[in-house]
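Everything on this sheet refers to the single structure shown next.
The values are calculated or read from the model by the stated rules, or taken from the named source; none is laboratory data. Nothing here was measured: the structure is a model prediction, and the numbers come from that model. Here the Cβ is made from the backbone with ideal geometry for all residues, glycine too, and neighbour counts use every protein chain on show.
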Amino acid sequence: MPDARDATPYDALLLLSFGGPEGPDDVVPFLENVTRGRGIPKERLKEVGQHYFRFGGVSPINGQNRALLDALRKDFAEHGLDLPVYWGNRNWAPYLTDTLREMTTDGRRHVLVLATSAYASYSGCRQYRENLADALAALEAEGLEPPKVDKLRHYFNHPGFLEPMIDGLVESLADLPEEVRDGAHIAFTTHSIPTAAADTSGPVEDHGDGGAYVAEHLDTARLIADAVRERTGADHPWQLVYQSRSGAPHIPWLEPDICDHLEELHGAGVPAVVMAPIGFVSDHMEVLYDLDTEATAKAEELGLPVRRSATVGADPRFAAAVRDLVLERAATERGADVTPCALGALGPSHNLCPVGCCPARTPRPAAAGADSPYA
């Protein structure tokens, strides 16, 4: 990197996340935000909200984002990177529009965005870009001049994202009883999405069965499994499986589901399983309920020893990876010759989402891409 402390032309980093309720009274309003426009009755939302009520109405995601904010600010300060870090959410306070308004009044003119989603997909990338466009339009309607925004590339294959998960998987395997450890299977899990959304994820030229969404997860899983084999000397069979399906049952979603997969492995005589949630940056509700509660209960019902490995969270190596991505993008914007840091077969992702990347069913403006109305 030409200068390890130079983030110009950027003057701020925005941590952009999903958001979550922080008390029982927040649950239904939060779910109303998530499902706005779908006409779901409030009584149905109360049923869906039982996952949150089970944990006192509090999603862990906001606390984990606060920890990540602290880790980023600490890392930047220790490495002389003078770049303020803000935080905004899609569905709960602090809301994205409010945060961008604050950044605008603070004089921030060119902002980099870190989304808490490492992979290409509509919900994990383009929808955040649509949220950014909506927020920028709202600021313009208020008479403000919004900042220019760019989004950091997908980081699924950056070493700082992979290494904490490798360590977590090794620790989980070691925590299994010795007599079943070497024969344990690894279930790499991620959020299921409709197959139609998966097939059109990523740039148009990459579209096909599963699109970039599946390809990126498979590459991540291979990298982690290879590293675990080198670290432990044991070759554990693995498979990419899915969790957290929602929506109408007649619409095809990515399969197999983690609970179905556990039943299949048990039936095949597999002695133990480690669930590795590679599709999630932190231990939010999908991990806490769908894996730690539901899938773990299924394993106990089957008498199948199971462990769940850690997500990346606020690991200092991930904070360092974000710093690396910031400086890489900044140097690229300044015209420097930069070699992006990426492992695996797919190489570094694009800096600018191309036209037709992860399309929505109903076209909407999206910022921070080649088709952005905010140049």
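Lys46 meets all of the listed conditions (1) exposed (fewer than 12 other Cβ atoms within 10 Å of the Cβ); (2) part of a helix (DSSP H, G or I) but one, namely (1). When residues in segment 89-105 are screened for being in contact with a Pro (Cβ under 8 Å, 6 or more places away or on another chain) and within 24 Å of Asp6 (Cα to Cα), 3 of them pass. When each of Asn131, Asn157 is tested for being at pLDDT 95 or above, of a type outside the set (A, V, I, L, M, F, W, C) and in a loop (DSSP other than H, G, I, E, B), the lone residue that passes is Asn157.
The condition of being in contact with a strand residue (DSSP E or B) (Cβ under 7 Å, 6 or more places away or on another chain), assigned to a helix (DSSP H, G or I), without any contact (Cβ under 8 Å) to a residue 60 or more places away in the chain and not small (Gly, Ala, Ser) holds for only one of Leu69, Leu169, Leu100, Leu173, that being Leu69. If I filter segment 39-52 for residues that are within 25 Å of His217 (Cβ to Cβ) and not acidic (Asp, Glu), do I get at least one hit? Within segment 39-52, one or more residues are within 25 Å of His217 (Cβ to Cβ) and not acidic (Asp, Glu). Whether any residue in segment 209-232 is over 24 Å from Ala342 (Cβ atoms), at pLDDT 95 or above and not assigned by TED's automatic domain parsing to the domain that holds Gly124 is what I want to check. Checked against the condition, which is being over 24 Å from Ala342 (Cβ atoms), at pLDDT 95 or above and not assigned by TED's automatic domain parsing to the domain that holds Gly124, segment 209-232 yields at least one hit. So, Thr362, is that one over 23 Å from Leu223 (Cβ atoms) and not in a loop (DSSP other than H, G, I, E, B) or not? No; evaluated as a whole, the condition is false for this residue.
Could you check, for segment 279-290, whether at least one of its residues is within 22 Å of Val180 (Cβ to Cβ) and either touching a strand residue (DSSP E or B) at 6+ places or on another chain (Cβ under 8 Å) or polar (S, T, N, Q) (or both)?
There is no residue in segment 279-290 that is within 22 Å of Val180 (Cβ to Cβ) and either touching a strand residue (DSSP E or B) at 6+ places or on another chain (Cβ under 8 Å) or polar (S, T, N, Q) (or both).
Against the list (1) farther than 23 Å from Gly19 by Cα; (2) surrounded by 22 or more Cβ atoms within 10 Å (Cβ to Cβ); (3) among the aliphatic types (A, V, I, L, M), the condition Ala120 fails is (1). Looking only at segment 123-172, residues that are crowded, with 24+ Cβ neighbours inside 10 Å and among the β-branched types (Val, Ile, Thr) come to 1 in all. Of everything in segment 17-43 that is aliphatic (A, V, I, L, M) and not in a loop (DSSP other than H, G, I, E, B), the residue that is nearest to the chain's Cα centre (by Cα) is Val34.
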